[in-house]
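Asks: Can you keep this structure in mind? I'll have questions shortly.
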Amino acid sequence: MLYREAGQFKTSYIADSQIFPIRQDRIGMALLLVVAFVGIPLLGSAYWFSAILIPFLVFALAALGLNILTGYAGQLSLGSAAFMAVGAYAAYNFQLRIEGIPILLSFILAGACAALVGMVFGLPSLRIKGFYLAVATLAAQFFVVWVLTKFPWFSNHSSSGVISAQKVVFLGMDINSPVRKYLFVLGIVCVMALLAKNLVRSSTGRAWMAVRDMDVAAEVIGIQLMRAKLLAFAVSSFFCGVAGALYAFCYLGSVEPDGFSLDLSFRILFMIIIGGVGSILGAFLGSAFILLLPILLDNVLPPLATFLHLPFTNATVSHIQMMLFGGLIIFFLIVEPHGLARLWQITKEKLRLWPFPH
């Protein structure tokens, strides 16, 4: 009875097209933001911030970028980690070689560099699609890692290619504690999530969805396929580039080219499959699921193995995690292709009718 829209009348087009048209959704989002910005910093521990919350936000941003490309524009990509690497190394070089540059400007320019690289590797999408496009974007994964390894200029002539991110200073404040890093990352992710939500609701987002559903029909009605596809690659790579910069500066502190491997690209792809393809919320749900499931299994499986007298090792737990990921991906692709976000949407639809059956 609490989640109803009865009596909430829309008297203008703007009111009818707002992101959260139901009052309860607006209240829920406001409470969620208060908890995220106020409650968690007061109650959370350093472990929460460093090991769970910051990587959750960083990977959610990367999954958001891939969801724009794959979920909304229908272009399959396996090079997300490569674009994150471009963002991380570009932000490092901007901070290193341009004295006094603001950290946010470095992240924006790093995202722009990733967007340019993404557009270059998005050119094959004008001629191929589906599995063949995925293989073409796979080339970006190996090419970018090779360039960062073979050209020492990008790592400031480091023999191993490892870079150590400079300290983060924002508005004269050192972002050096886990709480400050969490709030800094949270602010950026919230702004970019709002940007993505408005972008997919605009004419650009509708053009992407038309291309995704049937590119020939989209071209017939006047949508420029080249512009739509390359813009999707650019926006997606921009998000991944900023996520890569946050990954290096606010999460790990030091990164190497091999850290942005194909495994990381698949991990981000798993996030949007489980969370929900073509959904902003799905990127966050998928990121939370992929990050929290291993922690849950690490805490549950060893005591369970001891209780059942099973010879479980760390390698066994790791193998069980991969088996569960594979099984869940198959389950969601067959039973609910739109992932956890669709399950949440169904729950809200049921709540709007409860306690009545129809």
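Asks: Does the stretch 190-199 contain any residue that is open to solvent by less than 50 Å² (accessible area, probe 1.4 Å), among the β-branched types (Val, Ile, Thr) and closer than 19 Å to residue 106 by Cα?
Replies: There is no residue in the stretch 190-199 that is open to solvent by less than 50 Å² (accessible area, probe 1.4 Å), among the β-branched types (Val, Ile, Thr) and closer than 19 Å to residue 106 by Cα.
Asks: Here is a follow-up. Looking only at the stretch 130-186, count every residue that is modelled with pLDDT under 90, more than 23 Å from residue 265 (Cα to Cα), assigned to a helix (DSSP H, G or I) and open to solvent by less than 50 Å² (accessible area, probe 1.4 Å) and tell me the total.
Replies: Qualifying residue count for the region: 1.
Listed here are the residues, each with its yes/no results for (1) without any contact (Cβ under 8 Å) to a residue 60 or more places away in the chain; (2) assigned to a helix (DSSP H, G or I); (3) over 30 Å from residue 150 (Cβ atoms).
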position	(1), (2), (3)
32	yes, yes, yes
35	yes, yes, yes
39	yes, yes, yes
60	no, yes, yes
63	no, yes, no
78	no, no, no
84	no, yes, no
94	yes, yes, no
104	no, yes, yes
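Asks: Something else about it: Could you please let me know if residue 116 is of a type in the set (A, V, I, L, M, F, W, C), touching a residue at least 12 places away in the same chain (Cβ under 8 Å), more than 20 Å from residue 89 (Cα to Cα) and assigned to a helix (DSSP H, G or I)?
Replies: Numbers: of a type in the set (A, V, I, L, M, F, W, C): yes; touching a residue at least 12 places away in the same chain (Cβ under 8 Å): yes; more than 20 Å from residue 89 (Cα to Cα): no; assigned to a helix (DSSP H, G or I): yes.
Here the answer is no, as residue 116 does not meet what is asked.
Asks: If you don't mind, there's one more thing I want to ask. Go through the stretch 68-93 and give me each residue that's surrounded by fewer than 20 Cβ atoms within 10 Å (Cβ to Cβ) and within 25 Å of residue 174 (Cα to Cα).
Replies: 93
Asks: Confirm whether residue 111 is modelled with pLDDT of 90 or more and either of a type outside the set (D, E, K, R) or open to solvent by 60 Å² or more (accessible area, probe 1.4 Å) (or both).
Replies: Yes.
Asks: Does the stretch 125-141 contain at least one residue that is of a type in the set (A, V, I, L, M, F, W, C) and within 18 Å of residue 248 (Cβ to Cβ)?
Replies: No, there is no match, as no residue in the stretch 125-141 is of a type in the set (A, V, I, L, M, F, W, C) and within 18 Å of residue 248 (Cβ to Cβ).
Asks: What helices (runs of 4 or more DSSP H), lying completely within the stretch 189-262, carry at least 2 residues that are at pLDDT below 90 and within 18 Å of the chain's Cα centre (by Cα)? Show your work before the answer.
Replies: Values: elements: 203-213, 215-220, 225-246.
Qualifying helices (runs of 4 or more DSSP H): none found.
Asks: From the list 20, 49, which residue is surrounded by 12 or more Cβ atoms within 10 Å (Cβ to Cβ), on the phi < 0 side of the Ramachandran plot and in contact with a Lys or Arg (Cβ under 6 Å, 6 or more places away or on another chain)?
Replies: 20
Asks: Moving on to the next point. Evaluate the following for residue 301: is it open to solvent by less than 50 Å² (accessible area, probe 1.4 Å) and without any contact (Cβ under 8 Å) to a residue 40 or more places away in the chain?
Replies: In short, yes.
Asks: Which of the residues spanning the stretch 263-287 are under 15 Å from residue 84 (Cβ atoms) and more than 10 Å from the chain's Cα centre (by Cα)?
Replies: Residues satisfying the conditions are 263, 264, 265, 266, 267.
The values are calculated or read from the model by the stated rules, or taken from the named source; none is laboratory data. No experiment lies behind these values; they were computed from the predicted model shown. FYI the Cβ positions are ideal-geometry reconstructions off the backbone, even for glycines, and counts take in every protein chain you see. With ligands, DNA and RNA removed, areas are computed over all heavy atoms of the protein, side chains included. Shrake-Rupley method; radii C 1.70, N 1.55, O 1.52, S 1.80 Å.
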